[in-house]
Amino acid sequence: MSEDKRLGVIAIILENPHDSQAKVNGYISEASTIVVGRMGIPYREKNVGVLALIVDGTENEINSLTGRLGNIAGVSARATLTKKL
């Protein structure tokens, strides 16, 4: 039996984005099958990047991407998902 898909948002904050953006973009590209949309805002005054990813995938796929992103130095990532239907 396959796991049900969930819709969610992954909020990502990059401290010193210049140091981590290439790795973050790489992980997001690798997970392109679950990424529906992406919005990124550079907050230059604070030297921070803020991203929101809209994702549609299994809970495992979404949590895996969130965990990989959160393990990058200077990056925080949290996911919020729809309830199971």
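What follows draws every value from the coordinates through simple rules; no lab data is involved. Remember, predicted model here, so these are calculated numbers, not experimental data. Every residue, glycine among them, receives a Cβ derived from its backbone with ideal geometry; neighbour counts consider all protein chains shown.
So the values come out like this:
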{"read-out": "ASN63 among the polar types (S, T, N, Q) and in contact with a strand residue (DSSP E or B) (Cβ under 8 Å, 6 or more places away or on another chain)", "value": "yes"}
{"read-out": "Among the candidates LEU65, LEU81, LEU53, LEU69, residue that is in contact with a helix residue (DSSP H, G or I) (Cβ under 9 Å, 6 or more places away or on another chain), closer than 12 Å to LEU14 by Cα and either of a type in the set (A, V, I, L, M, F, W, C) or free of Cβ contacts under 8 Å to residues at least 60 places away in the same chain (or both)", "value": "LEU69"}
{"read-out": "Residues that are under 13 Å from GLU30 (Cα atoms) and charged (D, E, K, R), drawn from segment 41-69", "value": "GLU61, ARG68"}
{"read-out": "Inter-residue pairs, beta-carbon under 9 Å, first touching a residue at least 24 places away in the same chain (Cβ under 8 Å) and within 18 Å of GLU45 (Cβ to Cβ) and in segment 9-24, second polar (S, T, N, Q) and in a strand (DSSP E or B), 6+ apart", "value": "ILE13/SER76; LEU14/SER76; GLU15/SER76"}
